[in-house]
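Reviewing the structure listed below.
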Amino acid sequence: MNDTIIDSSILIDFPRGKPEAEQFLTAMNAKHRLATHGAVVAEVLTGVLNKHEQAAVDKLVAIFHVHFPTARDIESSLDLLRRLRLSHGVGWLDCLIAATAARTDSTIATLDRKHFALFENLTLEFPY
């Protein structure tokens, strides 16, 4: 089964009560295994302001399958970073997520059209 890796842009919207994020995640959960990336978990945890928010993020992430990068993913992400950082401002975490998605043949669900659309041979979903 190929996963859809949910990006931080959507996971951040969910606890903020954005109805589109809740509707999308509910629909995804009904049809597929919810999945994300270790870098996404790190991005979301970086934004918490207190232990209550951290516990809420941990509870949310616990229902997801988390993809972790391999050494090959890191090498691929560095190639992507070299190719796209200076010309398009793409960050390393997006490159790492893209490299892992390519290896696992996963779709990426994101709101970040600007950066993820630059990655070739990836299936993207822009849910709202």
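Only DSSP H runs of four or more residues enter the estimate; each adds -39500 (n - 2.57), and after division by the residues of the chain the mean residue ellipticity at 222 nm equals -17500 deg cm²/dmol.
Projecting label points 7 angstrom from Cα along Cα→Cβ for Leu78 and His52 puts them 4.3 nm apart.
Against the chain, whose longest principal axis comes from its Cα atoms, helix 71-88 is set at around 80 degrees. Computing percent of Cα pairs over 16 Å apart directly from the structure and comparing it against [x] 60; [y] 66; [z] 79 singles out [x]. For the stretch 23-128, applying the loop criterion from DSSP together with a ceiling of 14 other beta carbons within 10 Å to the GluC sites (Glu not before Pro) yields Glu120.
Say a paramagnetic label sat at a point 7 Å from the Cα of Glu20, along Cα to Cβ; which residues of the stretch 110-125 have their backbone N under 17 Å from it? The answer is 110-117, 124-125.
Here r is the Cβ-Cβ distance between Leu45 and Ala71 and R0 is 25 Å; the resulting FRET efficiency, rounded to 0.05, is 0.60.
Since every read-out is calculated from the coordinates, none of them should be taken as a lab result. Values in this document were obtained by computation on a predicted structure and should not be read as measured data. Every residue, glycine as well, gets a Cβ built from its backbone with ideal geometry; the counts of neighbours run over all protein chains shown.
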